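The values are calculated or read from the model by the stated rules, or taken from the named source; none is laboratory data. Being a predicted model, the structure only gives us computed values, none of them experimental. Every residue, glycine among them, receives a Cβ derived from its backbone with ideal geometry; neighbour counts consider all protein chains shown.
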Ligand code: PEP
Ligand code: MN
């Protein structure tokens, strides 16, 4: 992708209410945050789970956004989910658009939005799909790019999970990191509000996003958060937004001091040595797996034996506990090792 850089500042701040409720509300919030915000957000059409909840004020809110722009000088952004939304936003001169998580999941909708944007040069932010599928997120960005949208950014808003979690949407930081590896030019903005679902978690999530070198934050901000018509639990006041932004620590990418660089290089050298040893161990382990496969084959025994797998897991979890290592990390690693052990054995059995 050959993207145009339209985000220079770090952190690039997008703030404003989840939903536009009235013109006064928008103007009041915008006035209070205009000095600490780059772009003012407000949802006009709201994708809600239940049809019995507030679904947005609709197209009339676009005029309110125009007034926000005129009176405060802030740029504006809203969510689009259909070609009609795009058409109305372009007409109302909204400065930027975002595609919501419930839209990114559907290639038909994304394609329709992409077609409606052909020939325009408006920046578009694409939220991750609701479920953790990197390819779908990347696919939506590619559809827009193919329609000529070159001012693109991604928004990481967390992922739905059935597992119990303190978050409304699991962050799964590894997914936006993978996205960045695939598209190194793509700015990634974190939306801690929709990850958290709860205002008290916004600061720590924002700090993690900054430590991961994300380009900015989209934070839902409301003049009376508790009374908001949507997402009341996760919104914060303009005053809280100020505090959060003031307290964020922005770390540097590289050390300016050469001694520190040398120290880091030495530590990385030690990591490389350990990694080399790990690969050698895996090689020896694979040799043993092949021997076992031969043995099973000659004696007519099945490849996969559940009890043995449970035993491996149990032993390694015990070891992890003694060492104080993250149990889940060890389980994940051994699941991959075991998967390849089965693949290796299957190849031998087939010979
Ligand atoms: C929103 O930003 O208000 C919104 C609906 O977000 P998401 O698509 O991330 O749920
Ligand atoms: Mn919201």
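For segment 34-44, a residue qualifies if it is in contact with a strand residue (DSSP E or B) (Cβ under 9 Å, 6 or more places away or on another chain) and more than 16 Å from ligand 2 (Cβ to nearest atom), and the qualifying residues are 34, 36, 37, 38.
Of all residues in segment 146-174, those satisfying the criterion of being assigned to a loop (DSSP other than H, G, I, E, B) and within 16 Å of ligand 2 (Cβ to nearest atom) are 157, 158, 160, 167, 168, 169.
Does residue 307 satisfy the criteria of being surrounded by 10 or more Cβ atoms within 10 Å (Cβ to Cβ) and in a helix (DSSP H, G or I)?
Considered against the rule, which asks whether it is surrounded by 10 or more Cβ atoms within 10 Å (Cβ to Cβ) and in a helix (DSSP H, G or I), residue 307 comes out as no.
Contact map, segment 231-249: first residue at pLDDT 95 or above, second residue more than 16 Å from ligand 1 (Cβ to nearest atom) and in a loop (DSSP other than H, G, I, E, B), Cβ cut-off under 8 Å, separation 6 or more or different chains; pairs are 237/223; 237/224; 238/223; 241/36; 242/36; 245/11; 245/36; 248/11.
Applying the selection to segment 208-239, what residues are more than 14 Å from the chain's Cα centre (by Cα), more than 16 Å from ligand 2 (Cβ to nearest atom) and buried (at least 17 other Cβ atoms within 10 Å of the Cβ)? Result: 238, single match. If you go through segment 82-92 one residue at a time, do you hit one that is under 23 Å from the mean Cα position of the chain (by Cα), touching a residue at least 24 places away in the same chain (Cβ under 8 Å) and closer than 18 Å to residue 144 by Cα? Scanning segment 82-92 turns up at least one residue that is under 23 Å from the mean Cα position of the chain (by Cα), touching a residue at least 24 places away in the same chain (Cβ under 8 Å) and closer than 18 Å to residue 144 by Cα.
Scanning segment 249-289 for residues that are over 20 Å from residue 212 (Cα atoms) and in contact with a helix residue (DSSP H, G or I) (Cβ under 8 Å, 6 or more places away or on another chain) yields 282, 285, 286, 289.
Listed residues 72, 82, 78; which is at negative phi, within 16 Å of ligand 2 (Cβ to nearest atom) and modelled with pLDDT of 95 or more?
Exactly one residue qualifies, and that residue is 78.
Does residue 177 count as surrounded by fewer than 22 Cβ atoms within 10 Å (Cβ to Cβ), part of a loop (DSSP other than H, G, I, E, B) and within 11 Å of the chain's Cα centre (by Cα)? No: the conditions fail for residue 177.
Anything in segment 180-200 that is more than 15 Å from ligand 1 (Cβ to nearest atom), in contact with a helix residue (DSSP H, G or I) (Cβ under 9 Å, 6 or more places away or on another chain) and either in a helix (DSSP H, G or I) or at pLDDT below 95 (or both)? List them, or say none. Scanning segment 180-200 gives a single hit, 182.
A Cβ distance below 7 Å, combined with a sequence gap of six or more or placement on separate chains, defines the contacts here; from segment 137-156, residues that are closer than 14 Å to residue 183 by Cα and free of Cβ contacts under 8 Å to residues at least 40 places away in the same chain reach residues that are more than 16 Å from ligand 2 (Cβ to nearest atom) and assigned to a loop (DSSP other than H, G, I, E, B) in the pairs 154/186. Annotation: residue 209 fulfils all but one of (1) within 30 Å of residue 23 (Cβ to Cβ); (2) in contact with a helix residue (DSSP H, G or I) (Cβ under 9 Å, 6 or more places away or on another chain); (3) within 16 Å of ligand 1 (Cβ to nearest atom); the unmet one is (1).
Rundown of residues vs (1) under 15 Å from residue 80 (Cβ atoms); (2) in contact with a strand residue (DSSP E or B) (Cβ under 8 Å, 6 or more places away or on another chain), yes/no style:
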| residue | (1), (2) |
| --- | --- |
| 13 | no, yes |
| 17 | no, yes |
| 24 | no, no |
| 27 | no, no |
| 31 | no, no |
| 46 | yes, yes |
| 49 | no, no |
| 59 | yes, no |
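Does residue 99 meet the test of being modelled with pLDDT of 95 or more, away from ligand 2 (no atom under 16 Å from the Cβ) and under 23 Å from residue 187 (Cβ atoms)? No.
Could you run through segment 215-247 and say how many residues are more than 19 Å from residue 187 (Cα to Cα), assigned to a loop (DSSP other than H, G, I, E, B) and away from ligand 1 (no atom under 15 Å from the Cβ)? The total comes to 3. Each residue in segment 11-32 was checked for being touching a helix residue (DSSP H, G or I) at 6+ places or on another chain (Cβ under 8 Å), within 16 Å of ligand 2 (Cβ to nearest atom) and closer than 15 Å to residue 74 by Cβ, and 6 pass.
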